[in-house]
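Structure first, commentary second.
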Amino acid sequence: MRNLKIGQVLADNGDAIGIDESTNVWVDHCDLSGDLSAGKDDLDGLLDITHAAEWVTVSNTYLHDHVSLDSSRHWIFINGSFSGKPLCRAPSIRFGTVHIINNYWDSLLGTGVNCRMDAQVLIQSSAFSNCPDEAIFFADSDYTGYAVVDDVDLGGSTNSVPEGTLTASSLPYDAIEALGSAQIAATIPETAGQKL
C-alpha cells in the first residue's frame, strides 16, 4: 500500500488501514488522519496490525489527529511521523516484537509509545517534541512490555518502561541506517506522508 491519503474513517467502517492475519506487508508514504473535533469513539484507529500479522513494515508514513496505531506480532516502523496531536497509542504494542527507528513525535495530546503485554520493543534514532505526558510507557494491561531505547531524544518527557532484551543484532534483517536523533526533527516531517 503506497502513497495513500485516508482520513476520517467512521468507526462502523473500521480502521483507515487494518492488517490482520497477513504476512510480508509494506505500507509506505501514506497519510492517515482522523478529526480532533470528533469523539474518540466516533472514528476508528488509523492503522491496526493485529491477529498474528507478521513482518509488516510501515515506512515514511504520517499519522495524525487521532488515536494512531495498535499492533501485535513482528513489525517495523521506519522514518515515520506522529503529529498533529494524536490522542494516544502512538503506537500501542501488545505481545509483539517491534523495531521503531528514525521516527518523530510532535505535540502529542496524550502518551506516546505504549509497550504492554510482554511486548519487546527497540526504539532507535528518534525524537519527541512538545509531548507533555510520558513518551515511552506502559498502561492498560496487567502485563508490562519492555523497551530498549538507543539514541532517542525524549524532549523533556520520560520513559517508564523496563529495559528489554531486543537488540539490532538480534533482528532477522540487515541493519537500517540510523539518521541520529539530532537530525530527526529537521528530516522526517519533510519526507513522511503522501509525497510520491
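The values are calculated or read from the model by the stated rules, or taken from the named source; none is laboratory data. All values reported here derive from a predicted model rather than from experimental measurement. When we count neighbours, we look across all protein chains shown, and the Cβ atoms used for this are built from the backbone with ideal geometry, even at glycine. For the accessible areas, the whole protein counts, side chains as well, though only heavy atoms, and no ligand, DNA or RNA atoms are used. Shrake-Rupley method; radii C 1.70, N 1.55, O 1.52, S 1.80 Å.
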| task | Could you go through segment 100-113 in sequence order and give the Karplus-derived ³J(HN,Hα) for each residue, using 6.51 cos²θ - 1.76 cosθ + 1.60 with θ = phi - 60°, rounded to whole Hz, and x for Gly and Pro? | result | 10, 9, 6, 10, 10, 10, 10, 6, 5, 7, x, 7, x, 6
| field | 5 angstrom amide H check on residue 22, placed H, neighbours 5+ away | value | 53, 54
| remark: antiparallel share of DSSP beta bridges within the chain, to nearest 5, in %, is 5
| said: Going by amide H atoms built from the backbone, whose H comes under 5 Å of the H on residue 7, apart from near neighbours? | reply: 33
| query | Whole-Hz Karplus ³J(HN,Hα) for segment 114-130, in order, using 6.51 cos²θ - 1.76 cosθ + 1.60 and θ = phi - 60°, x for Gly and Pro? | reply | 9, 9, 9, 6, 6, 4, 10, 10, 10, 10, 10, 6, 9, 8, 10, 9, 6
| Amide H of residue 161: which non-local residues (sequence gap of 5 or more, or other chain) have their own amide H closer than 5 Å, using H built in the peptide plane? | none
| task | Skip the ligands, DNA and RNA, and give the accessible area per residue of the chain with a 1.4 Å probe, whole Å². | result | 44
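How do the peptides 166-179, 113-126, 144-157 rank, highest first, by the average count of neighbouring beta carbon atoms within 10 Å per residue?
Values: 166-179: 12.6, 113-126: 24.0, 144-157: 18.8.
Final packing ranking: 113-126, 144-157, 166-179.
Of the heavy-atom accessible surface of the chain (probe 1.4 angstrom), what whole percent is carbon and sulfur?
Details: 3990 of 8650 Å².
Its accessible area is 46 percent carbon and sulfur atoms.
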| field | Charge dipole (the chain, unit charges on Cβ, about Cα centre) - positive-most of 175, 131, 155 | value | 175
